[in-house]
Every structure is written in structure tokens, then in C-alpha cells.
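These notes are about the structure you will find just below.
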Amino acid sequence: MRAGVSSTKPLYLGPRIKRLRRELGLTQAAMAEELDISASYIALLERNQRPLTADLLLRLARAYKLDMADLAAEERDDYARRLADVLRDPIFAEIDLPPLEVADVATSFPGITEAMLRLHGAYVREQQALAGLRADGGTTRGVDPVAEARRFVADRRNYFPTIDSRAEELAGEIDKAGSMREWLRQQGLRVRLLPSDVMMGSIRRYDRHNEQLLLDDTLGPTQRAWQMAMHASYTALRSEISALLRGESFASPTAATLVRRALAAYGAAALVMPYDKFARAVDARAYDIEALAGQFGTSFEQVAHRLTTLGRPGQERVPFFFIRVDEAGNVSKRLDGAGFPFAAHGGGCPLWSLHSVFRRPDDVVTQWLELPDGQRFFSIARTVSAGGGAHGRPRTIRAIALACAAEHAGKLVYAKGQDPAPTPIGVTCRLCNRAQCAARAEPPLGREILPDDYRRTAEPFTFAES
């Protein structure tokens, strides 16, 4: 057993075992079978009602190829320390909370302890966000993990040369193997397709015990290829991803997780669409996204996303802004390589076709845009879908758009023969001073609204000139 952990001191690792089981996508019965113990014993271990024996610790490490030192880390003491830290919050000041009782709760009721830690964490983040809003007029910089992850990518212009370089090498190996699946087999990993009920809600799961990559059998060929690429990215590009994260300080573990996920997706795209090969195809096909998707066996959205990453010095292509929204206008992804202004808070401009393509599913809709300051852009928008694949499985429809500066539009097949007359749009109503706009939802900041007792215009608001 690891040095510093007494062989006679009971070892309770309930939450850690439960987390491991869930990460592996196993039921208690499945884990019990692999460890040659009963499912009820697994349940007792997870509730910290039985200590982990040295023999079982060894079985866990061997079965799931884990570092025994990590498994043996004393999580009970860590839980007790974290719970004690939470209970020092001034909100609990008048409650008598003896250290021994705190330790007993952490040891005997790990589920309640975890719930308490999550609830307090959410409370603290909300308080920090509210404080940020009061302090700087709406900015929550450093608090919102999604915004923090987006800043990490944006600060690097969504270009990560070390990932691209290594991915190109691996893509060469994959080409020689004939397919991603065969290359994974050569690495000692078997890919299996399993029914959804066996996958228990996962569409991809790595079985470390049996060296298998398990995929939901309802996934289409493009989705299967992408999930295999994601696994390859998380494993074969692990050192490149870790190097980019090393030394970074994130405000929360969630932000770090989102950045790692973004880098893994970048790596998967670089494996499936290696930089040099993809850039040459982009030129040959004049940025025809559907044609590129067919050539590389990817989706429309994956190609659109990859187009934002072509920033290699000397081999740059058209810089794009990318955005993905749902029908309610919620932004789930945003990447800016074109200097396109988009409101960080509040809705976008309803005159932009991004918000109307839901009425034309799967159609590519193009549009010339002009902002109030005179900047012009060319936009490509289309709906994309995720999920589905079987009866009763929900399917999500979103809209994505790529926008580039008007001077680059001539390189795109979509702009050929298009009338360059632009649609006047704004970043958001609160920042747009266009007076003649019937689609306006709110008056602009800092402008006085004129009374309409005796005169009503077609526009929702008429505001003073000064």
C-alpha cells in the first residue's frame, strides 16, 4: 500500500469508487462481477459502510489499469476538510458544528456531504456573479466558466499549432492503416457497437478493463467516426493538450474541463481533417462546406468549425466568425476569427438570417450584412441537428453561422453571383442606433424616447436625435 497510509487504518473510498464506476459506465452488478464480489458489497462500499481492503484495492487497480497510489489517497479526510471549510462560511456562524460531528458526516454520509459541497459551491458562484454585476456594470469576468473557456480559445485565435502538428503525423498513420477503426485496433483497442440500453445513456465509453471503445449502435457513420476521433484525441494527443493547460490558472474546475473538452474537439477535427490536406481541399472547393463534409466524412458543423482554425502562419485561409444558437437564441458555441462583433449578453439582431433559418431546415442561407459603423460581412447560415437515431430519442435542432469580412467573400463559392446589397443589422438592440428599424425590441442605451400621444410611427420606438 502507498507510503503514508497505515495498513491497519480502515480505508473508506465510497465516493471515489462510485465516481469511478460512473466514469466507466458500469452498473454495480457489472463492477461486482469484474471484481468477483457481490453487488450488495459494492453498494456498501459506495456508502462508506465497509472499508476498502488491501486485496480489493489491488483488484480495482488491476481491473481498470489505475494508479493504486491515486486510489489509496485518503478521500475521507479530504471530504472532512472541504466540508469544514464550507461550514466556516459566515452564513453558518450561529450553528454549533463540532469538528468530530463534521468528520462523522463526511465519513458516514458521503452523498449528503457531496450534495452540501455542490450546493454551497453554486451559492458562492452566484454571489460572486452578483457582486461582479454590481461592481463593474455587468461584467462577470473570471466567474462564468463558459466565458472563461471561450476567452482561452479566443486569446489564441482558435489555433493550436502543437495539436495540429502532432495530429498530422497521426493522420498519416491512420491513412496507412486504412481507417480510424483499424488504426485503433493496431493500438490494441477494439471498437464495439452496443445497443443504447447497454450503453446506459452514453454514446461513447472507454472500457479500460477490456481495452474496448464502446459506441452506441444508433450512431450514423459520420458520428461513429467522430467519436472514435474524439477518443484518439483524448489519448494520443493527451501530452499536447496537457502542455497547453500546464501553468494555466482557471477560476473553477468546470472552466478547466471545458477548455480540455474544446482542445480535444480541436484535436479530433485535426485528425479527421489534417491541416495541410484540408487547407488544399478548401481552396480547391472554394469553401463549399457540404462538398468538404462529403470528402472528409464529417458533418456540416464539423467542417464549419474547422474553417475557423486555419491560422497557420504563411498558410492562413479566410478568417471566420462562428456561432451556434438554439431557437430561443441561446449561444452554445462562439469562435471569433473575423472581428465580428456579437453581444456578450442579450439577444442578437433578428434581421440576421441566423435567427430565421429554423424556418428553412438544412438550406444554406447566405446574406450580406452591414453594421451601423459601416463594416460589411458575408454570412452563411444553416440548421444542424444532434441526437435522435432511434424512436423516443430527442433530437435537437440548432442554427450555425459563419461570417467573414466582405473583402474575403469573393473566395467563397456561396458569394458568386450574389447581390452584394447588404442587410443593415446591429450587434444588439441596446447598442444599435438605427432609427428606422421595425424589428427593434428595445430602445438604444442613452437615447430618449419621444412621446407618441399624437404621432405613431411604424417603428416600435421613436427617439430623440440627441
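Can you pull the percent of Cα pairs in the stretch 154-272 with separation above 21 Å?
Numbers: 2968 of 7021 pairs.
Tail of P(r) above 21 Å: 42 percent of Cα pairs.
Could you tell me what percent of the DSSP beta bridges with both partners in the chain are antiparallel, to the nearest 5? Let's see the in-between values first.
Values: 32 of 39 bridges.
Roughly 80 percent of the DSSP beta bridges within the chain come out antiparallel.
Just list whichever of LYS176/LYS416; LYS277/LYS411; LYS65/LYS176; LYS176/LYS411; LYS18/LYS333 have alpha carbons separated by over 27 Å in the model shown. Before the final figure, lay out each step's value.
Numbers: LYS176/LYS416 38 Å; LYS277/LYS411 18 Å; LYS65/LYS176 29 Å; LYS176/LYS411 33 Å; LYS18/LYS333 32 Å.
Pairs exceeding the cut-off: LYS176/LYS416; LYS65/LYS176; LYS176/LYS411; LYS18/LYS333.
By how many nm would the segment from ASP419 to GLN295 lengthen if fully extended, with 0.36 nm per residue of separation less the alpha-carbon distance?
Details: separation 124, 0.36 × 124 = 44.64 nm, distance 2.92 nm.
Extending this stretch completely gives an extra 41.7 nm.
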Per DSSP, loop GluC sites (Glu not before Pro) in the stretch 407-466 with at most 14 further Cβ within 10 Å: GLU448, GLU465
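How high is the relative contact order of the chain, in percent, with contacts defined as C-alpha pairs under 8 Å that are six or more residues apart? Could the numbers behind the result be given before it?
Numbers: 645 pairs, mean separation 45.0, N = 466.
Relative contact order, the chain: 10 percent.
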Radius of gyration, Dmax [the chain; alpha carbons; angstrom]: 26.7, 89
For VAL331, VAL259, order by how many other beta-carbon atoms lie within 10 Å, fewest first: VAL331, VAL259
Relative compactness, the stretch 321-426, computed as alpha-carbon Rg over 2.2 N^0.38 Å: 1.11
Distance in nm between pseudo-label sites at GLU459 and ARG376 (7 Å out along the Cβ direction from Cα): 2.3 nm
Descending Cα extents along the principal axes, the stretch 166-232, whole Å: 36, 26, 18
Long-range HN-HN contacts of THR423 with modeled amide H, under 5 Å: TRP368, LEU369, GLU370
Extended-chain gain in nm, criterion 0.36 nm per residue less alpha-carbon gap, SER242 and LYS65: 61.7 nm
Helix-only [θ]222 nm of the chain, DSSP H runs n ≥ 4, -39500 (n - 2.57) each, per residue, nearest 500: -13000 deg cm²/dmol
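Each reported figure results from applying straightforward, stated rules to the coordinates on display, with no laboratory input. It should be emphasised that the depicted structure is a prediction, and the values quoted were computed from it without experimental measurement. Using ideal geometry, Cβ is built from the backbone for each residue, glycine included, and neighbour counts are taken over all protein chains shown.
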